[in-house]
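Here is the structure we will look at.
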Amino acid sequence: MDNLFFLEAKCKKCGKVFYPRYDLGADDSWVLTYGQKELPVGQKAAGAGGPGFNISKRRTGPQYKCPWCGNTDFVHCGRCGKITCHESGSENFTCAHCGNSGKITGTISGDDMKGMVKSSGSGQ
Ligand SMILES: [Zn+2]
Ligand SMILES: [Zn+2]
């Protein structure tokens, strides 16, 4: 198993793609370390579904932020399933992929990325 992986996300403010990076920490939990504008050569993004192995233990590192706008959080869209950067603490969310918007519901939990924060989806 690799000791790092990348997700693929979009910046809410400018719509550009970036790659949240997780590193396996010394305590065996996955740490969200950096938002990178480009993938390193040879790396593939795992996509919004997660990397396919157990990442139930995870946390966000203090240095993590969106590389385009500096947002320190991201949200998993309840409609299209993709990830968009997000201001930490803000209740309202707009998906940069499909335009879905609404209040954030739920929390990030579970063994994969499927249980992440979702939008209730008032747009249609
Ligand atoms: Zn951003
Ligand atoms: Zn969406």
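A short reminder: the numbers here are calculations on the coordinates, not readings from a lab. From a predicted model like this one, the values you see are computed outputs, not experimental measurements. Glycine also receives a Cβ, built like all others from the backbone with ideal geometry; neighbour counts cover every protein chain displayed.
Numerical summary
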item: Relative contact order (%) - region 1-113, alpha-carbon pairs under 8 angstrom, separation at least six; result: 25
item: Options Ala26, Cys14, Leu4, ranked by Cα towards positive dipole end of region 4-44, top entry (Cβ charges); result: Cys14
item: Peptides ranked, highest mean first, by Cβ atoms within 10 Å: ranges 86-92, 75-81; result: 75-81, 86-92
item: Tensor-based shape of region 5-92 (alpha-carbon gyration tensor, a/c under 1.5 rounded, otherwise prolate or oblate); result: rounded
item: 5 angstrom amide H check on Tyr34, placed H, neighbours 5+ away; result: Arg21
item: Inter-probe distance in nm under a simple model that places probes 7 Å from Cα toward Cβ, at Ser101 and Asp2; result: 3.5
